[in-house]
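Read the structure below first, then the notes.
Just so it is clear, none of the values below were taken in a lab; they were calculated from the coordinates. These numbers were taken from a predicted model, which means no experiment stands behind them. Cβ placement follows ideal geometry from the backbone for every residue including glycine, while neighbour counts extend to all protein chains displayed.
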Amino acid sequence: MKFIWMILFAVPATILALASVPLPCSTVVDCGHAGRPGERVDGRPVYRTIGEALLTVPSTREGPFVIFIRKGIYREKISIDLGAIHLTGEDRDSSVITFDAASGSAAPDGKPYGTRGCFTLRITKPDFRAENLTIENSFDCPGNAAKPDDDPSKIADAQGVAVMTAGSCDRAVFIRCIIRGYQDTLFPDAGRHYFYECRILGHVDFIFGAGQAVFEDCDIVSRDREGKDPAGYITAPSTPISFPYGFLFLDCRLSRETPELPARSVRLGRPWHPGADPAASGSAVFIRCRMDDHIGPEGYAPISSRDSEGRKIVFGLEKDSRFFEFQSHGPGAIESPSRPRLDEKAAAWYQKAYVLEGWMPEEDMEPSSIPWRQGE
């Protein structure tokens, strides 16, 4: 049994083998569907929106409820409040879930959404899985930033979350997904997460939160923030001090979206303390990651938060900071006193099994449920 466990972790390609095994899906979403909601096509109920399909999930069931999402643009703001929901796209680039709310945008009740309310997709229950999808917050952050300060349409709080986890979310899996936004793109804030072969894009604190997450073989893509120095920050973890691990990046590629993003203009992270909470001690560790030259020698940067009385407090890297690198390579892998390195002995403590507390995503994941893959 130990031998099997080691093989599963040592060979991520097992995911690909599992993903090629077709199983019937629970329902289909097709934005081009012209029939009645739930009308059966080829034996499966079809809906025009993901929201409609989620309303049909039975209260009692065995196994995951799998929604196959056809190619198309789905402008929906979705909260997954049921366990074991799987979203599988027909095509990663063409099956797109999108919404354009920013933190400062007005919600239906007239109040600002806030960072925790501006999500495109929120997951609050365990055993969620997304595969082969694009999930984006399409708020036009660059266009908003270009507006004059006296323009009444300019939004002051331009954070735009694409994916957020909260509540009792745990064991969330994302396979070959694009997660796209600008500031605060990905907010893994509750439980354990596994991202495999994903492409994550943003500029400021675009991977942030208190959850535990492993990013394996992912593309972490920095977008330009014209005229700003630093141009961006990749992570802003708020890991509770009682948790030994936060974000772990394994064999990832840190790159720029466009050549206009200046060299040495992006920081690897900064330590977010929500509400100036002293019990937050962010952890972000990069193991064997390739870094382009947009990553600078400073490595990290301070961040400010306001306490319950509204006082602004600036947090820099503490002496016991939990930001580290091991075997970084590429033009941005700069040796610098402000970029803490792990030796081989210390790096051995940063493994997928430890961060995920024994949860093995490859073992728990059901085979992919795309019946249309038969014959491939």
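Values for this structure:
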| quantity | calculated |
| --- | --- |
| Share of alpha-carbon pairs per 10 Å distance bin for the chain, given as whole % | 5, 24, 33, 24, 11, 2, 0 |
| Nitroxide proxy distance, nm - points 7 Å out along Cα→Cβ at ASP100 and ARG75 | 0.7 |
| Of ASP277, ASP184, ASP30, the one that fluctuates the most in a GNM where the chain has Cα springs shorter than 10 Å | ASP277 |
| Within straight-line cross-link reach of LYS228, lysines at Cα separation under 25 Å, skipping those fewer than 8 residues along the same chain | LYS147, LYS154, LYS312 |
| Extension reserve of the ALA348-ARG40 stretch, reckoned as 0.36 nm per residue once the Cα distance is removed | 105.7 nm |
| Residue-averaged 222 nm ellipticity for the chain, from DSSP H runs of 4+ at -39500 (n - 2.57), nearest 500 | -2000 deg cm²/dmol |
| Cα gyration tensor shape for region 26-144, rounded if a/c is under 1.5, else prolate or oblate | prolate |
| Calculated P(r) tail over 29 Å for region 191-362, as whole % of Cα pairs | 15 |
| Electrostatic dipole magnitude of the chain [Cβ: Lys, Arg +1; Asp, Glu -1; Cα centre; debye, to 20] | 240 |
| 10 Å Cβ shell holding at most 13 others, DSSP loop, trypsin sites (Lys or Arg not before Pro): longest site-free stretch of the chain | 62-227 |
| Positive-pole candidate from GLY32, TRP272, LEU55, dipole of the chain, charges at beta carbon | LEU55 |
